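The values are calculated or read from the model by the stated rules, or taken from the named source; none is laboratory data. Remember, it's a predicted structure, so these values are computed and weren't measured experimentally. Cβ sites come from the backbone with ideal geometry, for glycine too, and all protein chains shown count toward neighbours.
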Amino acid sequence: MIIVEQKPVDEIQRMIAPYERVLILGCGTCVTVCNAGGEREVSFLHDALLLAEVESKEISHTFVEHTVKRQCDEEFLDLIAEEANDVDAILSLACGIGAQSIAERFPEMVVLPGVNTSFMGMAKQWGVWDERCTACGDCRLDDTAGICPITRCTKGILNGPCAGTKNGKCEVSPEMDCAWILIYQRLERLGQLDKMRRYYPPRNFRPIPRPRRIMASPSIVAVGGSHG
Amino acid sequence: MAKSLFEEKLNSGKFLITTEVGPPKGVDIEELKHHIDLLKEKVDAINVTDHQSSVMRYPSLGGCLLVKEQGGEPILQMTCRDRNRMALQADLMFAHSRGVNNVLALTGDSIDVGDHPNVKPVFDVESAQLLRLIRTLESGKDAAGNDLKGSPEFCIGASVHPSADFIEPQLIKFEKKVAAGAQFFQTQGIFELASFRRFMQYASQFNVKILAGIIVMASAGMARYMNKSVPGIIVPQEVIDELATAEKGKGLQKGIEIAVRLIRGIKEENLCDGVHIMAVGNEGIVPEIIEAALMEHAQT
C-alpha cells in the first residue's frame, strides 16, 4: 500500500491561512490503513486545527470534513461535488495521487496536501512501515528470491553486495539490513544461488521518464474495471 | 602491447607497490602536487581517489592529470555514485585521450556517509557493470551500441574485501568482476594475515593480480572510528589494542610499524602480487613505510 505521513499542524495552518472555508478530505484506502488520512485522522486534524485557532484567539476558518472511499477514482469524487462548491480549498489527506485527482476533477478548486506521500510499503509491526517497492517498472523478484535490491539496497545495485556491509547491515545505518546478504541467504535456502552468480546488465531506466501510462488490453476494458 | 606502464609492471612478475592520494576540498593543489612528487618514484602507480567517503573534492581525473604532468603513473579511481553511463563514458574517453589509462572501477560509497547527504545518488551502474562498460568502449562501441570514432584502451582493476565478515557473497561479486575483465584487484584494508591467506588460497585460481590493501592507522581512536563509521572496514580488536599501547603522540609510529610488518609478511610468504598502501591523510609517510618494509625484508 501507499504509505503517507501527516504534515505537522503548523505547516497545515500556514497552508490554509489564505482560505476561509476548508474541506478536510480523507481517503478510505491506503492512508486509512496507515493511520494518516482516514476518517479518524480527518476528525483528529479538524479538532487540532480548531484548537489551534482557539488558542491563537484568531478564529478565521470554518471546516467541514468528509472521507471518500478512494480519492484516486473520479467516481468517488462526484460525491463531494456539492460540498466542494461551498469551500475555498480542499485539504486532502490522501496520497499525492488523490490530491491530484481532486485538482483534475475540480479545475477551479485550490487543493492542499495534508500529508507527505512517502513510499510503497507494508506494516512491519504496529506503527512501523517499511518500504518494499519503488515501482521501477521492471520487476526482478524472481532473480532475487523475492527481496527487491532496487528498493532495499541503498544503492539499488544488481550484482551482489558492495563492500560496505558489516554484520549483515548496510553502510548507511547499523539498523538497516543489507539487502544482498538477505538475498544471498534466501537464495541459498531455496537452492538457487546460481541466480546470484549470474551477471545482470545495467538497468533499463526507460520506465523512469515520467509520467508513465499503462493502457489496459481491450478484453479487460470490456469487462468493466475493478471499482468497488 | 601493454595498455599502460602499470599493465607492463603487472605482467613483470615483480612485487608491486601502489599507493593513493586524496585530492583537496578546494583548488589549492599544492599539497597534492607535493605528495605526488614525494611518491611518484617510490611506487608503481598512484591511485587518485574519487570523492572518497562521498566527501566532495577536487576530481580524481584532475588529480590523475597532475600525476601524469609530474611524471608518475596514475590509476583513475572511478565510482558509479555521481555519474550516469553518459558521464562515465565521457570521462573515460577524456582520461584515455590524456594518457590516463589505468582505471579502478568502484561502486562508490553511499551518499549518506559523506558531506552532501541531500544530493541525488546515481548508481546507474555498479562496479561489475562499469568494468564491462569499459571493455565495451574498447571494442569500439558505446553503452548503447553506437560506433565510436577511435576507441580507448585501459588496464582495469577493481576492489575486493578479503576479510568481510560475510565472505561468500563478496566472493561471488569478486568472480563477476573477474569475468567482467578486471586485471588487478586492490583489496579493502587487511589487518591480519590469517583471513588474507584463506582469501588468497581461493583467489589464486584466477588469472588476476592481487594487491593487498594496507591502511596505515594513526591511532587506536582512528581504528575505532573506522570500525564505527567507514563502510566495510573491520579493524580487529588485537590491532586496536596494539595501537593503544603507543605513547601519546606516537600512534602513527605504531601504525607504520604494523603496516611494515604486514607488508613484510606478505612479501616473505609470497602471498600475493603486491600491496596498495593507503595512508589516509598521511601520504608523506608512505616512502618511509616502503623503505622500512623492503629494507627489513632484505636483511632477513
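Numerical summary
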{"read-out": "Given (1) within 24 Å of B:Glu168 (Cβ to Cβ); (2) without any contact (Cβ under 8 Å) to a residue 40 or more places away in the chain, index of the condition B:Leu271 fails", "value": "(2)"}
{"read-out": "When residues of the stretch A:163-182 are limited to those that are out of contact with any Ser or Thr (no Cβ under 7 Å at 6 or more places or on another chain) and assigned to a strand (DSSP E or B), the one farthest from B:Glu175 (Cα to Cα)", "value": "A:Glu175"}
{"read-out": "Yes/no for B:Lys33 being touching a residue at least 40 places away in the same chain (Cβ under 8 Å) and either part of a helix (DSSP H, G or I) or over 30 Å from B:Glu268 (Cβ atoms) (or both)", "value": "no"}
{"read-out": "Among residues of the stretch B:116-167, those that are under 22 Å from the mean Cα position of the chain (by Cα) and part of a helix (DSSP H, G or I), counted", "value": "10"}
{"read-out": "Filter result for A:Ile59 (buried (at least 21 other Cβ atoms within 10 Å of the Cβ) and more than 29 Å from A:Trp126 (Cα to Cα))", "value": "no"}
{"read-out": "Any helices (runs of 4 or more DSSP H) falling wholly within the stretch B:168-275 and containing at least 3 residues that are crowded, with 24+ Cβ neighbours inside 10 Å", "value": "B:251-268"}
{"read-out": "Filter result for the condition that a residue is surrounded by fewer than 22 Cβ atoms within 10 Å (Cβ to Cβ), of a type outside the set (Ser, Thr, Tyr), more than 22 Å from A:Ile150 (Cβ to Cβ) and within 14 Å of chain A (Cβ to nearest Cβ), over B:Asp112, B:Asp142", "value": "B:Asp142"}
{"read-out": "Filtered residue count, the stretch B:89-107, keeping only those that are within 14 Å of another protein chain (Cβ to nearest Cβ), more than 12 Å from the chain's Cα centre (by Cα) and either surrounded by 22 or more Cβ atoms within 10 Å (Cβ to Cβ) or part of a loop (DSSP other than H, G, I, E, B) (or both)", "value": "1"}
{"read-out": "Evaluation of A:Cys136 against (1) surrounded by 13 or more Cβ atoms within 10 Å (Cβ to Cβ); (2) closer than 16 Å to A:Ile12 by Cβ (one fails), failing number", "value": "(2)"}
{"read-out": "Contacts under 6 angstrom Cβ, first residue in the stretch B:148-172 being within 7 Å of another protein chain (Cβ to nearest Cβ), partner outside any helix (DSSP H, G or I) and small (Gly, Ala, Ser), 6 or more apart", "value": "B:His161/A:Ala163; B:His161/B:Gly232; B:Pro169/A:Gly160; B:Gln170/B:Ala164; B:Ile172/A:Gly160"}
{"read-out": "Hey, A:Gly168 surrounded by 14 or more Cβ atoms within 10 Å (Cβ to Cβ), closer than 23 Å to B:Pro121 by Cα and modelled with pLDDT under 95 or not", "value": "yes"}
{"read-out": "B:Leu262 being in contact (Cβ under 8 Å) with a residue 40 or more places away in the chain and within 27 Å of B:Ala180 (Cα to Cα)", "value": "no"}
{"read-out": "Qualifying residues in the stretch B:37-68 (those that are charged (D, E, K, R) and assigned to a loop (DSSP other than H, G, I, E, B)) - the one nearest to B:Ala105 (Cα to Cα)", "value": "B:Asp50"}
{"read-out": "Given (1) exposed (fewer than 14 other Cβ atoms within 10 Å of the Cβ); (2) in a loop (DSSP other than H, G, I, E, B), number of the condition A:Gly160 does not satisfy", "value": "(1)"}
{"read-out": "Restricting the stretch A:137-165 to residues that are within 9 Å of another protein chain (Cβ to nearest Cβ) and of a type in the set (S, T, N, Q), the residue that is farthest from B:Val230 (Cα to Cα)", "value": "A:Asn159"}
{"read-out": "Residues satisfying the stated conditions in the stretch B:120-143, i.e. within 29 Å of B:Met56 (Cβ to Cβ) and of a type in the set (Gly, Ala, Ser)", "value": "B:Ser127, B:Ala128, B:Ala143"}
{"read-out": "Hits in the stretch B:173-197 (condition: within 11 Å of chain A (Cβ to nearest Cβ) and of a type in the set (Phe, Trp, Tyr))", "value": "B:Phe174"}
{"read-out": "Test set (1) more than 21 Å from B:Leu130 (Cα to Cα); (2) surrounded by 20 or more Cβ atoms within 10 Å (Cβ to Cβ) - B:Lys42 fails condition number", "value": "(2)"}
{"read-out": "Some residue of the stretch B:122-138 being of a type in the set (Phe, Trp, Tyr), buried (at least 18 other Cβ atoms within 10 Å of the Cβ), in contact with a Gly (Cβ under 9 Å, 6 or more places away or on another chain) and within 12 Å of another protein chain (Cβ to nearest Cβ)", "value": "yes"}
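A quick yes/no check of all residues on (1) under 30 Å from A:Glu188 (Cβ atoms); (2) at pLDDT below 95; (3) of a type outside the set (A, V, I, L, M, F, W, C):
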position	(1), (2), (3)
A:Asp73	no, yes, yes
A:Ala103	no, no, no
A:Ala123	yes, yes, no
A:Trp126	no, yes, no
